[in-house]
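For reference, the structure is listed below as structure tokens.
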Protein chains: 4
Amino acid sequence: MGNSFGHLFRVTTWGESHGGGVGVVIDGCPPRLALTEADIQPDLDRRRPGQSSIVSPRQEADRARILSGTFEGRTLGTPISIWVQNQDARPEAYSEMAEKFRPSHADYTYQAKFGIRNWQGGGRSSARETIGRVAAGAVARKILREQFGVAILAYVKQVQRIGARVDYERVTFEEIEASIVRCPDRVAAEKMIRLIERTRRAGDSVGGIVECAARGVPPGWGEPVFDRLEADLGKGMLSLPASKGFEIGSGFGGALLTGLQHNDAFRMKGGKVRTVTNNSGGVQGGISNGETIYFRVAFKPVATVMREQETVDVRLENTTLKARGRHDPCVLPRAVPMVEAMAALVLVDHALRQRGQCGNP
Amino acid sequence: MGNSFGHLFRVTTWGESHGGGVGVVIDGCPPRLALTEADIQPDLDRRRPGQSSIVSPRQEADRARILSGTFEGRTLGTPISIWVQNQDARPEAYSEMAEKFRPSHADYTYQAKFGIRNWQGGGRSSARETIGRVAAGAVARKILREQFGVAILAYVKQVQRIGARVDYERVTFEEIEASIVRCPDRVAAEKMIRLIERTRRAGDSVGGIVECAARGVPPGWGEPVFDRLEADLGKGMLSLPASKGFEIGSGFGGALLTGLQHNDAFRMKGGKVRTVTNNSGGVQGGISNGETIYFRVAFKPVATVMREQETVDVRLENTTLKARGRHDPCVLPRAVPMVEAMAALVLVDHALRQRGQCGNP
Amino acid sequence: MGNSFGHLFRVTTWGESHGGGVGVVIDGCPPRLALTEADIQPDLDRRRPGQSSIVSPRQEADRARILSGTFEGRTLGTPISIWVQNQDARPEAYSEMAEKFRPSHADYTYQAKFGIRNWQGGGRSSARETIGRVAAGAVARKILREQFGVAILAYVKQVQRIGARVDYERVTFEEIEASIVRCPDRVAAEKMIRLIERTRRAGDSVGGIVECAARGVPPGWGEPVFDRLEADLGKGMLSLPASKGFEIGSGFGGALLTGLQHNDAFRMKGGKVRTVTNNSGGVQGGISNGETIYFRVAFKPVATVMREQETVDVRLENTTLKARGRHDPCVLPRAVPMVEAMAALVLVDHALRQRGQCGNP
Amino acid sequence: MGNSFGHLFRVTTWGESHGGGVGVVIDGCPPRLALTEADIQPDLDRRRPGQSSIVSPRQEADRARILSGTFEGRTLGTPISIWVQNQDARPEAYSEMAEKFRPSHADYTYQAKFGIRNWQGGGRSSARETIGRVAAGAVARKILREQFGVAILAYVKQVQRIGARVDYERVTFEEIEASIVRCPDRVAAEKMIRLIERTRRAGDSVGGIVECAARGVPPGWGEPVFDRLEADLGKGMLSLPASKGFEIGSGFGGALLTGLQHNDAFRMKGGKVRTVTNNSGGVQGGISNGETIYFRVAFKPVATVMREQETVDVRLENTTLKARGRHDPCVLPRAVPMVEAMAALVLVDHALRQRGQCGNP
């Protein structure tokens, strides 16, 4: 269980890193949206390994194929099934994984939970699983953009201790994509890339923080008390592999302020109720307030490192393991489209729920 | 929508701060559990205002009444309805709230979403709503304790910049409850209390961090890919009023480590697979690994401050507002049982789901 | 589990026949609907025992109290909690039920499922449980009537072998309520009443068929493939106590026709696409087609009869049992508001889902 | 929405009759079940057109391919994705359907709901959609058989007015499959086949009734009050194309009996609580009682007939339509595996839910 997400715009992902492929079924997509594979492929390309010198060299084309739910280039309102075939299967590269649990991977926990696991390349816990999310997220983003005027952008905010200065209100897609690390602060981006390259040569890995902004969300999205907008955003982000933390608006830093400092005063502007500051991150009481929604996601360093590590084997004996083969020194550049996708899935679901219950977007 | 939480152990809360009361319906509670109001009241007492000099002086008895689902002191397996009547209704104290949107409260967003709101004391967005959660959480904790051997403890880890040193593996309930601020580090607790009292006198408020540990969770709980254990814990916590951030294990700090530093080596201990460190926070690949689960929740300072603030009124004109009456300078001591409750709701639900799908706890 | 119904307009019922009462929480009700207890009480009065000489003489006022979700007479969009206190508790009348499983009641199955049961008056399996449904159904019917122009009417179509002639397109509420058996065919109603009275004197019971019509449903409601409109209507009806069958439109009789006879030809009428006949019962491919939706529900005779019957006791020994006390010779007149309520719950949920996904009612 | 079914064993189907194929994702399948395509194909072969002279001559191989969720021939506990490619696409055969709404098909209602439709062969409303259900049902039946000792069998009980005599307690799979009409009463089967052949020659179609029995279900499955076992069975059956009615146990006929006649007396037998009769159909109070569960589903005659019929075109003008090409005179033989599949999906879901909440099967 647990492979579906959303309430009215509901996605179900499937697939292991090895086997017939990975995919997603989207149920509840509004009808008559123009949609072809060309709307999905760009985000898959931003997600895939091998796209630059600082990510995993694994080569996968990751071609999306829409199997259902569209007709003559438009959505039917019926389930959209998207499939990406697996290509780069090299089971022999993983034979040691059949015997040993990789530290800080999910090998041991899948085995403990299910009493069985696909030990080839991580199986279902592989980052490859996110292909389905990114494909569905591309559909969600298109709906948000065309039907609700909402734009979602994510970027690398920090790699280890190298932070970037980014104005979440003004940053553009082009600025983000201008560097292979997807950090729009050019000076920081340079440093990040050098750090990642150094880390790769050391056979090690680094983590960091992705920030995401959603602009144009109207007031009223979010379903308290449990499906608060930040609760669903947090769930979506924390369901991404390697994520360890989530904060919205002022976040953990907000805990250092007093109420007077933290409160966002209201003031009319352009005929609209606006806030002077945005410590709330665009959400108050679990409902969007019309300001830009922004949040940050912490990602731990990738667990696969090219060094010998202490571990345990399937016979429950202590042993050591040294990973071989392809090595992803930093997941952050590829995490950017994943974060955008999950944000889009949350927001479009809440848009439809708001329209359903209250009759307005 | 959005007032239910959980999948097999499913709670639905209801109620505004003013009106007939607040409550919860629990659907899916295992049968034959010994349960009376006496199991619930202690947690409600830890949650209620007026319990000490550093929290809101609002006086409410918050007496829980079980209306259904038990028979001769045991659960029937049928829905458990718990009701707490409202007592301290003083609508006149809120008349200004009918006209003005309080900054960083949910007045404006509820109005924008629903086109109507109960302006008395915050209505549904009041912290009073959490009574239902805490009552249901008390039931969930009892099941976890008695049927699964799981213990959940939360405590105040930080108030503004005052941090506490706490060993999440060994801290006891008594140590936590020994201070009114619910911080088990006695030196830090003293400082926190002084800060909160100073803040109250200044008519201001402070935020901070609550940490929570769940000990005894067996390997195998958690439902990837979307209902990862940390994703559901994160959602539960971020659905609490005033929460702005969540991190598990190493959290945001983990982003500063390298993979080699961060990875938790496996090593056999007492016949069990254990990890040498616990940066994972007891969860790997979204599934518990048998180590203690621990996480932190950031709470912003309470929005109600006793100072004049800039805002907008319902006629969309700029104005100012100064809160009157009762003032809660720090929500953290009362947030502790809320965090424990949400953790318990998440864990018991995953325990039942694991038993349902895989046939073992 | 299983005590919630609906997706966007979601109700959760709770309560046993003995204990603190019965009730319902409605999550997802559209905001700003005028709503007070006066909107709910009439349907509860039509459902309650003791309303006429041909139903159970059990005396219960069944006063609904709205505990949350409204403000100044209008819905807030937040959960509406409705509570009806139990009054007529006479546990001593049920002492034999603690020992013996009543034939064709749920005593044995609840015991087998949960290992415990409230043996007082049927507990959760009591018809009293339907109070929550009828209360929520009254809210749903009001929304359907005022916001979507949909009217729902049910009536007794058959008692044992006595059938009634009713035009489902034209029958009125007044015609139905004119007789205590709620059959608008006056001649048949007379016969039905005499049969029920005869049956009551014999200490026996009779079943029959309730028919229901929903007029004014626009084309487009229903969510294939699983949440077809007739599938959800069928589920709703078959979740009512004592129901054994459901058929829509031509139903079982439709199996006797050929395709040529059964097909509903389309023909323009008043600028609208209409069907010449309505064997489809207003639903085609699981979606409403704009014609009147009509269906029938079969109810078995009430299981409580005033005669000695063979059974088994809790020690698993053969024994006999003779019911005592109050006796309901025919549930049909009281089933009418239950059927209407479930129909309303299904339809309003589909109205909101259609609006959510497709943006139109 | 509405393309998922089940709670713990949850299936999501997708696909139109024309396009990339049809399929299903199963989420929540217990791990370690032996499973290959060979477990699924036989039921698909029983469902497919062209299998005999009395069903649609449309030729489709309907080869199932498992894309995920298994490893070395066993289930992983992760989502199982099953795909069946479309082969027999002849869009030109459907060109008239682009212009005209076929009577008693879903052309008009899909258009009204979504504002768009795939007019090739019925799109999502095609019987082809049931492939995903039958594939998932084969998995569910295997679990029920191997892990819970439950056997499910369906058969044709009636074609138009030709009824069959079948003992639902003893009928075997071989007896059912012995005739192409899937009726185990040999004399009736002969008559049915002759009727269907006559009907086909006349260009018309006939409907009838499928009966289904589930043997070996232990007491305790079913989740009152809404997810009663018969309510979920009813929903499952009424979600099948062309179904118009459902009845369990005594069904509509039960409405003709008195309580004394209808009640199933309890009596100990072989150390178990058993009922002397089984008018309840194996379910009491919405929960299985250990007796064989049996129910009947009414199917209307197939809407496609080879005669001219009155209808309306997409320009909303009256016109006529005469279907061409392949013609399925009776859906019943192919409906048998569909009914079995839906029964299995309902039962396995309730088995897992019972294990989850109550800890026993």
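Once you put a point 7 Å from the Cα of residue D:322 and another 7 Å from the Cα of residue B:45, both along the Cβ direction, what distance in nm separates them?
That separation, rounded to one decimal, is 8.6 nm.
Which whole-Hz ³J(HN,Hα) couplings does the stretch D:23-31 yield from phi under the Karplus relation 6.51 cos²θ - 1.76 cosθ + 1.60, θ = phi - 60°, glycine and proline marked x?
Values per residue, Gly and Pro as x: x, 8, 10, 9, 10, x, 5, x, x Hz.
For residue C:290, what residues show an amide H to amide H distance below 5 Å, using hydrogens built from the backbone and excluding near sequence neighbours?
Placed amide hydrogens put C:220 under 5 Å from residue C:290.
Over the Cα atoms of the stretch A:41-195, what radius of gyration and what Dmax do you get, in Å?
18.9, 51
Among all the lysines, which ones have a C-alpha under 16 Å from residue A:157's C-alpha, if same-chain residues fewer than 8 places away are not counted?
A:191, A:244, A:300
Relative contact order for chain C: what percent, with Cα pairs under 8 Å and sequence separation of 6 or more?
On the way: 758 pairs, mean separation 78.1, N = 361.
Over chain C, the number comes to 22 percent.
Could you bin all the Cα-Cα distances of the protein assembly as shown into 10 Å bins starting at 0 and give me the percent of pairs in each, rounded to whole numbers?
Spelled out bin by bin, the protein assembly as shown gives 2, 9, 17, 22, 21, 16, 9, 3, 1, 0 percent.
Ratio of the stretch D:256-309's C-alpha Rg to 2.2 N^0.38 Å, to two decimals?
Values: Rg = 18.6 Å, N = 54, 2.2 N^0.38 = 10.0 Å.
After normalising by residue count via 2.2 N^0.38 Å, the value is 1.86.
Would you please report the Å³ per residue occupied by the convex hull of the alpha carbon atoms in the stretch C:224-361? Write out the running numbers ahead of the final one.
Values: hull volume 25.4 nm³, N = 138.
About 184 Å³ per residue, rounded to a whole number.
Working from the alpha-carbon coordinates of the stretch B:290-361, get Rg over Rh, Rh being the Kirkwood radius. Write out the running numbers ahead of the final one.
On the way: Rg = 20.9 Å, Rh = 16.5 Å.
Looking at the stretch B:290-361, the ratio lands at 1.26.
Quick check: from the Cα gyration tensor, does the stretch B:116-186 come out rounded (a/c under 1.5), prolate or oblate?
Oblate, because a/c is 1.5 or more while a/b does not exceed b/c.
Convex hull over the Cα atoms of the stretch D:4-358, averaged projected area in nm²?
Values: hull surface 76.3 nm².
Answer in nm², one decimal: 19.1.
Would you work out the Kirkwood radius for the stretch B:148-223? I mean one over the mean of 1/r across all pairs of different Cα atoms, in Å. Before the final figure, lay out each step's value.
Numbers: mean 1/r = 0.0739 Å⁻¹.
When all Cα pairs of the stretch B:148-223 are included, the Kirkwood radius is 13.5 Å.
Taking amide H positions as placed 1.01 Å from N in the peptide plane, with prolines and chain starts having none, which residues 5 or more places from residue C:163, or on another chain, fall under 5 Å of its amide H?
Result for residue C:163 returns nothing.
Give me a comma-separated list of calculated 3J(HN,Hα) values for the stretch C:114-127, in order, Karplus coefficients 6.51, -1.76, 1.60 applied at θ = phi - 60°, integers in Hz, x for any Gly or Pro.
Once rounded to whole Hz, the list reads 9, x, 6, 7, 7, 7, 7, x, x, x, 6, 7, 5, 4.
With the crude spin-label approximation of a point 7 Å out along Cα→Cβ, what separation in nm comes out for residue A:172 versus residue D:314?
A separation of 4.1 nm, rounded to one decimal place.
Rounded to whole Å and sorted largest first, list the principal axis extents of the Cα atoms in the stretch A:1-114.
Projected onto its principal axes, the Cα set of the stretch A:1-114 covers 50, 35, 23 Å.
If we count every other residue with Cβ under 14 angstrom of residue C:116's Cβ, Lys/Arg +1 and Asp/Glu -1, where does the sum land? Don't skip to the answer; put the middle values down first.
Numbers: positive: B:32, B:74, C:113, C:117, C:124; negative: B:72, C:16, C:107.
For residues surrounding residue C:116, the net value is +2.
Just how far, in whole angstrom, is the stretch C:111-185 from the stretch B:1-56 if you go by their alpha carbon centroids?
The two parts, judged by their Cα centres, are 33 Å apart.
Quote the Stokes-Einstein diffusion coefficient, in whole µm² s⁻¹, for the stretch C:157-292, based on the Kirkwood radius over alpha carbon pairs, a temperature of 20 °C and a viscosity of 1.002 mPa s. Don't skip to the end; give the middle numbers.
On the way: Rh = 16.9 Å.
Translational D for this selection: 127 µm²/s.
Cα-based Rg of the stretch B:180-245 per 2.2 N^0.38 Å, rounded to two decimals?
On the way: Rg = 16.7 Å, N = 66, 2.2 N^0.38 = 10.8 Å.
Normalised Rg, Cα atoms only: 1.55.
Quick one: label points 7 angstrom along Cα→Cβ at residue B:261, distances to the other copies in nm, smallest first?
Residue B:261 label point versus its equivalents elsewhere: 2.7, 8.2, 8.3 nm.
With θ taken as phi - 60° and the coefficients 6.51, -1.76 and 1.60, list the Karplus ³J(HN,Hα) couplings across the stretch D:143-155 in order, rounded to whole Hz; mark glycine and proline as x.
With the stated coefficients, the stretch D:143-155 comes to 4, 4, 5, 7, 9, 10, x, 9, 10, 10, 9, 10, 7 Hz.
I need the calculated FRET efficiency for the pair residue A:63 and residue D:38, taking r as the beta carbon distance and R₀ as 45 Å, to the nearest 0.05. Before the final figure, lay out each step's value.
On the way: r = 30 Å, r/R0 = 0.66.
Computed FRET efficiency for residue A:63 and residue D:38 comes out at 0.95.
Which distances, shortest first and in nm, link residue D:57 to the matching position in the other copies, using label points set 7 Å out along Cα to C-beta?
6.0, 7.1, 9.1
When only Cα pairs under 8 Å and 6 or more residues apart are kept, what is the percent relative contact order across the stretch B:1-67? Each step should come with its number before you reach the end.
Working: 64 pairs, mean separation 13.2, N = 67.
About 20 percent, as a whole number.
If amide H atoms are built 1.01 Å from N in the plane of the peptide, which residues on other chains or at least 5 residues away come under 5 Å of the amide H of residue D:312?
C:266, D:101, D:319
Computed from the coordinates by the stated procedures, all read-outs in this text should not be read as laboratory data. Computed from a prediction, not measured in an experiment: that's the story for all the values here. Methodologically, a virtual Cβ is constructed for each residue, glycine included, from the backbone with ideal geometry; neighbour enumeration extends over all protein chains shown.
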